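Worksheet: one structure, shown below.
Taken together, the values in this text are just the output of simple stated rules run on the coordinates, not laboratory data. What you see is a predicted model, and the numbers here were worked out from it, not measured in a lab. Glycine also receives a Cβ, built like all others from the backbone with ideal geometry; neighbour counts cover every protein chain displayed.
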Amino acid sequence: MLVIGLANSGKTTLVNALRAARRETVKSRSTTTVTPKKNHDEEVVPTMGFAVERFSVLNTTLTVVDMSGQSKYKDTLWECYYEDANAVVFVVDAAESEENVDAARAALEFFLSSPNAQKTGDAKKKTKAPPPLAVFANKSDLPSARSASELAPLMRLTGESEALKDRAWHVGACCARTGEGVRDGFRWLIEKS
């Protein structure tokens with residue numbers, strides 16, 4: 001699973017929320033009442049380059065590649081890891097300015113139009129569809145945040161998008177710091193992978 005997005009959109013915090021939910025699941029031995037710790041004051045160090053983690057959640061073992069959103073990395077590293085991805089997560093800060101949301105849209109379109117992203121399916125699994133795409137509209141708890149339905153057209157995430165042709169995709173609101181919406185988005189992604 002490839003986790004991408006612009007710098008400071010909340011990619012690492014999102015992965016941490018999912019991993020925290022997994023730890024709590026193991027402690028309680030229940031997957032229905034689990035929520036990650038709600039630590040609003042915890043500082044997360046931005047990822048430099050990429051980080052690879054492997055853990056199980058929602059009865060699925062995930063290998064998560066958390067990619068830096070800094071411009072010097074996104075044009076080269078994102079595409080390198082796409083070929084092995086069974087799913088793609090794009091995190092966008094839903095409370096950002098219109099200019100920054102437009103930059104996120106451009107980055108996602110650039111990524112989806114790259115030669116590796118145009119390849120469909122997994123030769124090992126003999127699938128023909130490209131990996132599913134889940135867009136997390138992060139920081140939905142902030143007053144200035146756009147809803148997922150407001151963000152989707154700004155990101156050109158519509159059924160008419162050529163980059164989304166034959167690809168399962170979903171846009172959902174979340175707050176990675178509290179974990180709200182994170183499990184639901186990953187549940188959808190796992191079902192479509």
As an exercise, use a Förster radius of 45 Å and the Cβ-Cβ distance of E98 and R19 to find the FRET efficiency, rounded to the nearest 0.05. 0.90
Ranked from highest to lowest mean number of other Cβ atoms within 10 Å per residue, what is the order of the peptides 91-101, 130-140, 156-166? 130-140, 91-101, 156-166
Descending packing, highest mean Cβ count within 10 Å first, for 81-89, 8-16, 145-153 is 8-16, 81-89, 145-153
